[in-house]
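The values are calculated or read from the model by the stated rules, or taken from the named source; none is laboratory data. As the structure is a prediction and not an experimental result, all values here were calculated from the model. A quick note on method: Cβ atoms are made from the backbone with ideal geometry, for glycine too, and the neighbour counts reach across all protein chains shown.
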Amino acid sequence: MKVLAKNRRAYFDYEITEKLEAGVVLTGQEVKSAKTGGLTLTGSYARVAGGEVELLNAKIKPYALAAGLESYDASQTRKLLLHKAEIYRLSGRTQEKGLTLLPLEAYTKKGKIKILLGLGRAKKKTDKRETIKKREDERKIQKIIRSRRN
């Protein structure tokens, strides 16, 4: 499993409560571009609309060696592939107050490109400060442990 892109900002801005895997409908040149590092998930999100799940604002650069890219839109809406039961459950969960569907990372699995979706609630500013404080405390502890070993 090769990770193609991560949405690190999602973990900082949202408290992720649930994760699930979805396939993505892409064209051939989009697959090649994504596998060579042309995929960006920062600022993107997913929504359930009309019985389908869509990925919005995910940017895939045009593949340099592909022909006919005059009308290519890098941040177009892309369809995500999930089972019907998962879509129904997600549509109910996203209608709850404050829950958002976010792409956390994109990776390859058996030659296919998959998106790891996370259902999350936005963190408040105080929660973000707590996250930063915990991270700094862990770094200090690790630094102390390393210095005592030497």
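Just the residues that are part of a helix (DSSP H, G or I) and either loosely packed, with under 14 Cβ neighbours inside 10 Å or touching a strand residue (DSSP E or B) at 6+ places or on another chain (Cβ under 6 Å) (or both), please, taken from the stretch 63-86. Listed by number, the residues that qualify are K84, A85. Among residues that are surrounded by 14 or more Cβ atoms within 10 Å (Cβ to Cβ), of a type in the set (S, T, N, Q) and on the phi < 0 side of the Ramachandran plot, S33 is included. Within the stretch 113-130, is even one residue modelled with pLDDT under 90 and polar (S, T, N, Q)? Yes: one or more hits.
Within the set T131, T42, the sole residue that is polar (S, T, N, Q) and in a loop (DSSP other than H, G, I, E, B) turns out to be T42.
Among residues of the stretch 82-97 that are within 11 Å of L119 (Cβ to Cβ) and free of Cβ contacts under 8 Å to residues at least 24 places away in the same chain, none has a Cβ under 6 angstrom from a residue that is in a helix (DSSP H, G or I) and charged (D, E, K, R) at a sequence gap of 6+ or on a separate chain.
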